[in-house]
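Below is one structure; the comments refer to it alone.
Here, each number is a calculation from the coordinates, and none is a lab measurement. Source: prediction; values computed, not measured. Cβ placement follows ideal geometry from the backbone for every residue including glycine, while neighbour counts extend to all protein chains displayed.
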Amino acid sequence: MRDTPFIGRETEMERLKGLLSKKSASLIVVRGRRRIGKSRLLAEFGKGMRSLFFSGNPPVHGITAQSQRELFADQLQRAGIPGVKSDNWGDLFWHLSKHTQEGQMLIVLDEISWMGGKDPLFLGQLKTAWDMHFSKNPQLIIALCGSISSWIEKNIFSSTGFVGRITIDFVLEELPLHACNAFWHPKEKRISAYEKFKLLSITGGVPLYLEQIEPSIPAEQNIRDLCFTKGGLLVREFDEVFSDLFSKTKGVHKKIVTCLANGPKDYMQICKELQKGQGGLYSRYLDELVKAGFVKRDFIWDLKSGQQRKISRYRLSDNYLRFYLKYIASNRVKIEKGTVPASMVNNLPGWEGIMGLQFENLVVHNFKALWKELNLSGEEVVMDGPFFQTSTVRQPGCQIDYMIQTRFSNLYICEVKFSKDAIGLKVIEEMEEKIKRLKVPKHFSIRPILIHVNGVEEAVLDASYFDKIIDFGQLLE
């Protein structure tokens, strides 16, 4: 695999660089799903200064609070701070502070939930060390980094000990499509948007997955190498993600994402499918998946008032997880034996339906690029997102892939349509039916939008029905 340059994260990097002009120490939090590039961002930022990286042990059987402290002491020694006893975190932090008293410094405590999750004194001693020692160096930056956002929120943001001490909270999302496009460099201009989509439907905007792409070979071969070949990164990735993040409850979390693999569901539907009561436990598990970056909770809103309502659906927003659950998991035995036929990639069952869901994820995640194509500014948008109208006695049900409501009473109703062939006139009938079902206030204007990946027939263009037809390639640029 070729060396991959650092791509994207311009906004985050600018905010980090802004810390360098501060006249006081900075304590920051960087969180997001596994493989999203948290450590890479901090490593790039730290290139111009002295940087020290520490990480906890994954929460496997046998790992104790003492073993985490011993690992930290070993890492201190490798950083040139030898002879430190690992009896308690207070001493460990004090020795580190003595070697970081002056000058521009970056300290990264990576996977902080692993590091301190088994020691109830960890966070208190970290807070004390910050107040008494670390904060005395006005050029010091400490980054608390982790994949388990629910642990960080519960133990850091909800803790009175850290109130007023966190300078910035970075929540890293997937890379935008224009940044993803750079992973095909220098061949990006001669590779079709459709071929790129086939890979993005599996990788999403996750940097480490994108780094595995080899632009010199077709998408199908890349998919075979990554997903259907023994030892491929995306074959084993699912197990590692769930073992690391949800070590004690990974089976439950897996059942939930499997339940969502075929499309969005509300809480009642999820509990019914899993044959569980509607207590708070599964609500908590769903919240953990949302905070881990694998699931999104989409709320609907009232069109008249523009206010969000309590009704919501959960959507599996991680393209890799869905592809794994639908296609890799069922073939794991064959993959491990090396007996997957080369033709499998071209004959995946239910491919178009699943790719439709993957396409919707990519478009919804890149709403800012879509707004730009529609000449909309953030000031104009009242509400946006996937929208659904529940079926009642008085109104039929309706589902919109993505909808935007503006303060000028315009409703942009977006049909995100995947097809392996050019889209025909039937799409107009489908859009008309959705608009007919949708309960729209009288003073609103309707603006149908079509977003496609593989072209539209001339008849669709000639009909002049859609206010805008957007090619996926435009979002990549």
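Simple spin-label estimate for residue 267 and residue 435 gives 3.6 nm between the two label positions (7 Å along the Cα-to-Cβ direction from each Cα). Under the convention that each Lys and Arg Cβ holds +1 and each Asp and Glu Cβ holds -1, the size of the dipole of region 178-348 around its Cα centre is about 560 debye.
Compute the length gained on full extension between residue 132 and residue 195: take 0.36 nm times their separation in residues and subtract their Cα-Cα distance, giving the result in nm to one decimal. Before the final figure, lay out each step's value.
On the way: separation 63, 0.36 × 63 = 22.68 nm, distance 5.52 nm.
Value of the extension gain: 17.2 nm.
Working from label points 7 Å from Cα in the Cα-to-Cβ sense, the residue 336 to residue 22 distance is 4.8 nm. Between the helical axis of 250-260 and the longest alpha-carbon principal axis of the chain there is an angle of about 20 degrees.
Checked against a 24 Å cut-off, the cross-linked pairs 38/291; 417/442; 196/372 give Cα-Cα distances beyond that limit for 417/442. Beyond 20 Å in Cα-Cα separation lie the following of the pairs 85/136; 85/118; 250/276; 304/434: 85/136.
Express the relative contact order of region 10-171 as a whole percentage, based on alpha carbon pairs under 8 Å and six or more residues apart in sequence.
Details: 246 pairs, mean separation 61.4, N = 162.
The value is 38 percent.
The packing ranking of peptides 106-117, 295-306, highest mean first, is 106-117, 295-306, where packing means the average number of other beta carbon atoms within 10 angstrom of each residue.
Plugging the Kirkwood radius over Cα pairs into Stokes-Einstein for region 366-476, at a temperature of 4 °C and a viscosity of 1.567 mPa s, what D comes out in µm²/s? Taking Rh from Cα pairs, D becomes 88 µm²/s. On a straight-distance basis, which lysines could pair with residue 230 in a cross-link, Cα separation under 18 angstrom, same-chain partners fewer than 8 positions away excluded? List returned: 326, 334, 337.
Where nothing but the Cβ of Lys and Arg (+1) and of Asp and Glu (-1) is charged, how large is the charge dipole of the chain around its Cα centre, in debye to the nearest 20?
Dipole magnitude for the chain comes out near 1120 debye.
The amide H of residue 55, built 1.01 Å from its N in the peptide plane, has 110 as neighbours under 5 Å, considering only residues 5 or more places off or on other chains. Ordering 382, 359, 344 by Cα displacement along the dipole of region 328-477 toward the positive end leaves 382 in first place; charges were set at the Cβ atoms of Lys, Arg (+1) and Asp, Glu (-1). For the pair region 250-317 and region 332-364, the centres of their Cα atoms are 24 angstrom apart. FRET efficiency for the residue 44 to residue 379 pair, using the beta carbon distance and R₀ = 30 Å, is estimated at 0.40. Taking a ≥ b ≥ c as the square roots of the eigenvalues of the alpha carbon gyration tensor, region 10-171 is rounded, as a/c is under 1.5.
Could you give the dipole magnitude of region 201-270 about its Cα centre, charging the beta-carbon of Lys and Arg +1 and that of Asp and Glu -1, in debye to the nearest 20? Can you show the working numbers first?
On the way: 8 positive and 9 negative charges, 86 e Å.
It works out to roughly 420 debye.
When the chymotrypsin sites (Phe, Trp or Tyr not before Pro) in region 1-102 are filtered for DSSP coil states and for at most 16 other beta-carbon atoms within 10 Å of their beta-carbon, the remaining sites are 6. Between the Cα long axis of helix 122-132 and the first principal axis of the chain there is an angle of about 70°, rounded to the nearest 10. Once the chain from residue 297 to residue 159 is taken as fully extended at 0.36 nm per residue, the excess over their C-alpha distance is 47.2 nm. Over region 1-106, the ratio between the Cα radius of gyration and 2.2 N^0.38 Å evaluates to 1.24. Determine Rg/Rh for the chain; Rg is computed over alpha-carbon atoms and Rh is the Kirkwood hydrodynamic estimate from the same atoms. Checking Rg against Rh, the ratio lands at 0.99. For region 178-348, just say rounded, prolate or oblate: build the C-alpha gyration tensor, square-root its eigenvalues into a ≥ b ≥ c, call rounded for a/c under 1.5, and beyond that prolate if a/b exceeds b/c, oblate if not. Cα axes put region 178-348 in the oblate bin. Between region 25-55 and region 380-421, how many Å separate their Cα centres? A separation of 38 Å, based on Cα centres. Overall, the anisotropy analysis places region 221-284 in the oblate class: the square-rooted eigenvalues a ≥ b ≥ c of its C-alpha gyration tensor yield a/c not less than 1.5, with a/b not exceeding b/c.
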